[in-house]
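Here is the structure we will look at.
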Amino acid sequence: MPTIAVTRVIPEAGLALLRDAAEVRLWEDDLPPDAAALADLLRGCDGALTLLTDAIDGDVLDREPQLRVVSNFAVGYDNVDVPAATARGVAVCNTPDALTETTADFAFALLMAAARRVVEGADYVRAGKWQTWGPLLLRGHDLHHATLGVVGFGRIGREVAKRGRGFDMRVLAYDTHQDEAAARELGAEYRSLDDLLGAADFVTLHVALTDETRHLIGGRELGLMKPTAILVNAARGPVTDTDALVAALRDGTIAGAALDVTDPEPLPADHPLVSLPNALVVPHIASATYATRDKMAETAARNLLAVLRGERPPFIVNPEVLND
Ligand code: GLV
């Protein structure tokens, strides 16, 4: 039987599949293994089911030359050095389709919550401040008929666009790869990033984190946005320059931000983004529904087992390592 490391407790739907086919070495702590503990866990393993909190680089892989697959429990795989894995013939897998709509739902929830000040309203009631109905109390911004700018028009971005159209929003899209037919079908119009930033009332980020997208939204880009605009990030924290974002929220360059992801992650409790009244931060939970986390667990397990069986996995990032 092969030996598989699983770097955190994942839903049983995935663990059961793995246990049927392999010796499973499970990291049971709530917090991720540090580098030394990860190295211990991976020792002698044929496959690893990893999370976005595990850094898998060439050094980690060099210590385990028998390792054949790193199956990430996430759509994003910026925690894995894919070229290093490819150079060593190690398959890297991810879990895209499982979470597309769930993540889009959540990005939209963030957008609505920030626009209509839902969390501020709840905090107000909890703090015992609610004394009367007020004509000026907690006014926010309309979503309906507003302009939604979707940065990264891939699977998740398109689902967010669809939700925006349901609210009669005008949808602008930016992507380095343009699919005109998909945009037409969703009633979206491609724009340059600068044009989109200048025109959108809501800017929502759905790009993968790469060298090209790191700090894609910095001080200059925030400066192009409307002072009434809200930025939503349910992609990866470093797509936004955190210091520039804090400055833009403080000085009113933009109206607000709703963030599922931050840089750093986790955000320290005394970080300015935690206390700024126009920042809404939640702990990277966009794909966290019971059904979707089950699907992600199953997909990650099936990907991993397929590679170990010499079969083509449902989702592989570097198919060039397969000899089929
Ligand atoms: C979560 O952030 C993921 O990439 O799946």
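Starting from the Cα of Asp30, move 7 Å in the Cα-to-Cβ direction to define the label point; list residues of segment 248-269 whose amide nitrogen is under 19 Å from there.
Zone members listed by number: 265-269.
Using amide H atoms built in the peptide plane, which far-off residues or other-chain residues are under 5 Å from Leu280 H to H?
Ala257, Ala258, Leu259
Could you work out how far helix 96-115 tilts from the main Cα principal axis of the chain, as a 0 to 90 degree angle to the nearest 10?
20
Nearest 10 degrees is fine. How inclined is helix 290-308 to the longest principal axis of the chain, computing both from alpha carbons?
30
Could you grab the relative contact order for segment 149-207? Cα pairs under 8 Å, six or more apart, rounded to a whole percent.
So the answer I get is 49 percent.
Would you mind calculating the gained length between Asp251 and Val118 on full extension (0.36 nm times residue separation, minus the Cα-Cα distance), in nm to one decimal?
Extending this stretch completely gives an extra 45.7 nm.
Give the dimensionless ratio obtained when the Cα radius of gyration of segment 100-281 is divided by 2.2 N^0.38 Å.
The reported ratio for this selection is 1.00.
What is the dipole size for the chain, taken about its Cα centre, with +1 at each Lys and Arg Cβ and -1 at each Asp and Glu Cβ, in debye to the nearest 20?
Charge dipole, the chain, about its Cα centre: 940 debye, nearest 20.
Output ³J(HN,Hα) for segment 20-26: one whole-Hz value per residue in order, computed from phi by the Karplus curve 6.51 cos²θ - 1.76 cosθ + 1.60 with θ = phi - 60°, and x for Gly and Pro.
With coefficients 6.51, -1.76 and 1.60, one gets 5, 10, 7, 7, 9, 9, 10 Hz.
Which aspartates and glutamates have a Cα lying under 13 Å from the Cα of Lys129, excluding residues fewer than 8 positions away in the same chain?
Straight-line reach from Lys129, under 13 Å: Glu120.
Would you calculate, for the chain, the mean residue ellipticity at 222 nm contributed by helices, counting each DSSP H stretch of 4 or more residues as -39,500 (n - 2.57) and dividing by all residues, to the nearest 500?
Counting only the DSSP helices, I get -11000 deg cm²/dmol.
Sequence neighbours fewer than 8 away in the same chain don't count; with that in mind, list the lysines whose C-alpha is under 30 Å from Lys226.
Filter leaves Lys162.
So, R0 is 25 Å and r is the distance between the beta-carbons of Arg309 and Ala87; what FRET efficiency does that work out to, to 0.05?
Plugging the Cβ-Cβ distance into 1/(1 + (r/R0)^6) gives 0.60.
Could you list the GluC sites (Glu not before Pro) in segment 8-77 that lie in coil according to DSSP, counting only those with at most 14 other Cβ atoms within 10 Å of their Cβ?
Glu28
Out of segment 120-197, which chymotrypsin sites (Phe, Trp or Tyr not before Pro) are coil in DSSP terms and have no more than 16 other C-beta atoms within 10 Å?
Qualifying residues, ordered by number: Trp130, Trp133, Phe167.
Tell me whether segment 1-148 comes out rounded, prolate or oblate; compute the Cα gyration tensor, take square roots of the eigenvalues as a ≥ b ≥ c, and use a/c under 1.5 as the rounded threshold.
Prolate, since a/c reaches 1.5 and a/b exceeds b/c.
Can you give the relative contact order of the chain as a percent, counting alpha carbon pairs under 8 Å and 6+ residues apart?
Computed over the chain, the figure is 20 percent.
Computed from the coordinates by the stated procedures, all read-outs in this text should not be read as laboratory data. Being a predicted model, the structure only gives us computed values, none of them experimental. Methodologically, a virtual Cβ is constructed for each residue, glycine included, from the backbone with ideal geometry; neighbour enumeration extends over all protein chains shown.
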